[in-house]
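For reference, the structure is listed below as structure tokens.
The values are calculated or read from the model by the stated rules, or taken from the named source; none is laboratory data. As the structure is a computational prediction, the values presented were derived from the model and not from experiment. Neighbour counts are summed over all protein chains in view; Cβ atoms, including those assigned to glycine, are modelled from backbone coordinates with ideal geometry. Note: areas computed on protein heavy atoms with side chains; ligands, DNA, RNA excluded. Shrake-Rupley method; radii C 1.70, N 1.55, O 1.52, S 1.80 Å.
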Amino acid sequence: MLGKYYMTIFCFVVQVHSQRCRNALLNTVSEIVTTSNKVTFDKTTNELDLLVTVQWNATIPSGLELDGYLFHMGENTFLSSLPPYQHCNPRKTAAWVRSVNDSACVAHPHASCVTRNVSTGVVECLCNISTCALTLNELTSRCTGIRQFVLNRNFISASSATRSLTFKVEFMKSYKFSLLPYHRESVAFRFTGLTDIEAITQCVELVRRDLPELSQIQGEELCCGAGIAQRVPRDVTVGRFTPTILHGDVINLSVEISWRPPVTQQNLLGIEIFVFPANSMLQQPNKTDIAEFNVVRNGSSCDDNSTLTYTVNVTGLILGEVYKVRVEPQYSSSVCTNPHCIATTSFTPEVDVCSPEWNICDVNATCLSSSTNQSATCNCTLGFEGNGLNNGSGKPLLSLYYCICITHMKK
């Protein structure tokens, strides 16, 4: 018996709010965003906190009164935003609005956060994001607005008077800050607007800056005690330039570069010093430009010898050339990534070839350097003649003066 089978297909249509709730004036609001940072230390709890403050100046067009700003601070916008530090932060279910009707307001744990303009009667307060009548048009128009941003996109609301927010962040992590003005249900539509906040690696430097009563070693111990990895080589210093001079010409130039190893020395295998011309087209310096010096530790998490300094001598430099220095620690683990572990500096070799320190001219001669300082001419003073060079060799730092200038004796 032949049976008939019927298949019923049920089609479910999901309403996607793809269209933004629009207010053209919102897209003309502009902000200039700046960031700053500082560290704080609580002696009672021994907590070291890194704080980043984001500030902005806003240009708001005539005819637009903002309800507030939506912001997000995090490593990416897929995760919940970091909460602001010591700020009137609303709950996840509320957003700031401006209204003359107190009935729109919900209770706020800090009464000082709610403000009222006495002359206009406008109150700035929190409104429940799910039931707020002032933003109801987002639901009736089925557009993407403030509810979507707060409930589904991890944004937090700040009042329209807010011009700065402070966040507790972690060392060695990069963050992105997003700021969007809104009015009622409408949120500004922007393709850009993210502010990149680079990873902060220099714990000790910030401690010394913000807690000047602490010494360098105390700062290192504080960062180490807080468990903050400090893998950047310290105190990279370019020393004195030493020329090799022959017959008045600089034929070689060397310099001493010194550094202290990173505080965190666990798994530290060695340190490489890269010195190369600043205008080099190479992404990595040629191996001939590398001076390498290895330092090995037995795995302590902090440096037991804070005064230990290493020095290398780099030769073959050219006067007037700009050089870059990169000091790169090599760890056995993959915890160190560029540029979080690299110390950099730059220098331009300079030397006064006529300095008495190099002693290239005879005691009875005057020294005249070239415009590039790469050579010098020794001119005998009146009553003497010769090439004017010290001992005829031009070698620096001779202890014995041998005058080859000939005295003219008039008879």
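Quick rundown of the values:
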| item | result |
| --- | --- |
| Residue that is modelled with the highest pLDDT [pool: residues in segment 252-269 that are touching a Cys at 6+ places or on another chain (Cβ under 8 Å) and open to solvent by less than 10 Å² (accessible area, probe 1.4 Å)] | PRO262 |
| Pair list, Cβ < 9 Å and 6+ apart or interchain, from segment 142-158 residues that are touching a residue at least 60 places away in the same chain (Cβ under 8 Å) to residues that are of a type in the set (Lys, Arg) | CYS143/ARG20; CYS143/ARG22; THR144/ARG20; GLY145/ARG20; GLY145/ARG184; ILE146/ARG184; VAL150/LYS92; ILE156/LYS92 |
| Cβ-Cβ under 8 Å pairs, at least 6 apart or on other chains, segment 200-211 side without any contact (Cβ under 8 Å) to a residue 40 or more places away in the chain, far side buried (at least 19 other Cβ atoms within 10 Å of the Cβ) | GLN202/VAL232; ARG208/GLY219 |
| Residues of segment 359-371 satisfying the condition of being open to solvent by 80 Å² or more (accessible area, probe 1.4 Å) and either in contact (Cβ under 8 Å) with a residue 12 or more places away in the chain or among the charged types (D, E, K, R) (or both) | VAL363, LEU368 |
| Positions within segment 230-251 being hydrophobic (A, V, I, L, M, F, W, C), under 24 Å from THR311 (Cα atoms) and at pLDDT below 90, in sequence order | VAL232, ILE245, VAL250, ILE251 |
| Qualifying residue in segment 317-333 (condition: loosely packed, with under 14 Cβ neighbours inside 10 Å, part of a loop (DSSP other than H, G, I, E, B), modelled with pLDDT under 85 and under 30 Å from the mean Cα position of the chain (by Cα)) | yes |
| Filter result (in a loop (DSSP other than H, G, I, E, B) and open to solvent by less than 10 Å² (accessible area, probe 1.4 Å)) within segment 234-251 | GLY248 |
| Total residues in segment 178-211, condition within 20 Å of the chain's Cα centre (by Cα) and within 15 Å of SER30 (Cα to Cα) | 4 |
| Strands (runs of 3 or more DSSP E) within segment 11-106 that include 2 or more residues open to solvent by 20 Å² or more (accessible area, probe 1.4 Å) | 30-42, 47-59 |
| Cβ pairs under 9 Å, 6+ apart, first in segment 333-358 and under 29 Å from ALA199 (Cα atoms), second at pLDDT below 70 and β-branched (Val, Ile, Thr) | CYS341/VAL335 |
| Selection within segment 162-174 - under 18 Å from TYR85 (Cβ atoms) and either aliphatic (A, V, I, L, M) or in contact with an Asp or Glu (Cβ under 8 Å, 6 or more places away or on another chain) (or both) | LEU165, LYS168, VAL169, LYS173 |
| Residues being more than 13 Å from ARG184 (Cα to Cα), outside any loop (DSSP other than H, G, I, E, B) and within 38 Å of the chain's Cα centre (by Cα) - total across segment 111-124 | 4 |
